[in-house]
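Visitor: Once you've had a glance at the structure underneath, I'll fire off some questions.
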Amino acid sequence: MYRILTFAGFIFLIILFAAKSNIAQNKDKVRISPKAEVMQVVGFTEVKIEYGSPGVKGRKIWDGLVPYNKVWRAGANEATKITFADDVKINGKKLKAGSYSFFAIPSKDKWILIFNKVADQWGAFEYNESEDALRIEVTPEKGCWQEWLKYMIDKKSNSTAVVTLQWEKLKVPFMVEVKID
């Protein structure tokens, strides 16, 4: 019996050290574009955005790091993911409840924002237009300096909020409307 307990204790220590070593190794690897998320309840509907937050780091962003007229993951690493707990309207157009990958096709004066039915994707490498649930066109605006890409959800009323992608000196807003009856 003593041998079994000693052997079990030995195995436990090996597992403990292996786990601790693995945790230490992962702490040494800081993500260059850290994960971020924002959530806001609008009416009774939870709106959540999960994204990678890249930094400007002295680079040319628009029509540089992020090319014009090409599909962009609207963040870094994994495609940005946006989730609506209930059906919503985006700039007046209906979108069913669920999770979507969120892409953009930026240009100097107009952006196309895309809600794609394949919610979990890496970047835009496997993006498939036939899986788009909704596309809207928006106008980018000048904004204050923002080193790290961020999303904001600014509640405007009990049933509306403006979602804004903000990075570098640019912000890209769109309206979310929910039912509250």
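The values are calculated or read from the model by the stated rules, or taken from the named source; none is laboratory data. Quick caveat: nothing in here was measured; it's all calculated off a predicted structure. Counting neighbours? That spans all protein chains shown, and the Cβs are built from the backbone with ideal geometry, glycine included.
Visitor: So, restricting to strands (runs of 3 or more DSSP E) that lie completely within the range 94-181, which ones have at least 1 residues that are in contact with a strand residue (DSSP E or B) (Cβ under 6 Å, 6 or more places away or on another chain) and more than 20 Å from Tyr68 (Cα to Cα)?
Guide: The qualifying strands (runs of 3 or more DSSP E) are 98-106, 132-138, 141-155, 160-178.
Visitor: Sticking with this structure for a sec: Going through the range 96-117 one residue at a time, which ones are surrounded by 19 or more Cβ atoms within 10 Å (Cβ to Cβ) and farther than 15 Å from Asp63 by Cβ?
Guide: Hits for the range 96-117 are Tyr100, Ser101, Phe102, Phe103, Leu113, Ile114, Phe115, Asn116.
Visitor: With the condition kept exactly as written, say whether any residue in the range 25-32 is in contact with a Pro (Cβ under 6 Å, 6 or more places away or on another chain), at pLDDT below 95 and surrounded by 11 or more Cβ atoms within 10 Å (Cβ to Cβ).
Guide: So far as the range 25-32 goes, no, none of its residues is in contact with a Pro (Cβ under 6 Å, 6 or more places away or on another chain), at pLDDT below 95 and surrounded by 11 or more Cβ atoms within 10 Å (Cβ to Cβ).
Visitor: Something else now. Keeping to the range 153-181, report how many residues are of a type outside the set (Ser, Thr, Tyr), more than 14 Å from Pro106 (Cβ to Cβ) and surrounded by fewer than 16 Cβ atoms within 10 Å (Cβ to Cβ).
Guide: Of the residues in the range 153-181, 8 are of a type outside the set (Ser, Thr, Tyr), more than 14 Å from Pro106 (Cβ to Cβ) and surrounded by fewer than 16 Cβ atoms within 10 Å (Cβ to Cβ).
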